[in-house]
């Protein structure tokens, strides 16, 4: 399952409840001038997680997306996934 992502494209998400799992970075995309990242869960599910994406000096930071903005970001992600390769 992790074969389609290189080691530097896999990050571990850790939630407040102690749950953690690996995700593959599907890609970064822009909505209204801000960057967002799509992460594919590598736990056998088909879950995709969307976060704000903020580059830092050494790496990057994941940012929570507020509810109102999330709908717009999710719609853009869906339209990108529907585009032919």
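The values are calculated or read from the model by the stated rules, or taken from the named source; none is laboratory data. Every value quoted in this text rests on a predicted model; they were computed, and no experiment measured them. Neighbour counts run over all protein chains shown; Cβ positions are idealised from the backbone, glycine included.
Structural remarks
- Taken as a whole, the range 26-42 holds at least one residue that is closer than 21 Å to residue 5 by Cα and in a loop (DSSP other than H, G, I, E, B).
- For the range 44-76, taking the residues that are surrounded by 11 or more Cβ atoms within 10 Å (Cβ to Cβ) and part of a loop (DSSP other than H, G, I, E, B), the one that is modelled with the highest pLDDT is identified as 65.
- Of all residues in the range 3-26, those satisfying the criterion of being in contact (Cβ under 8 Å) with a residue 12 or more places away in the chain and either closer than 22 Å to residue 66 by Cα or surrounded by 12 or more Cβ atoms within 10 Å (Cβ to Cβ) (or both) are 5, 9, 10, 11, 13, 21, 22, 23, 24, 25, 26.
- Considering residues of the range 28-39 that are touching a residue at least 24 places away in the same chain (Cβ under 8 Å) and touching a strand residue (DSSP E or B) at 6+ places or on another chain (Cβ under 9 Å) only, the residue farthest from residue 72 (Cα to Cα): 39
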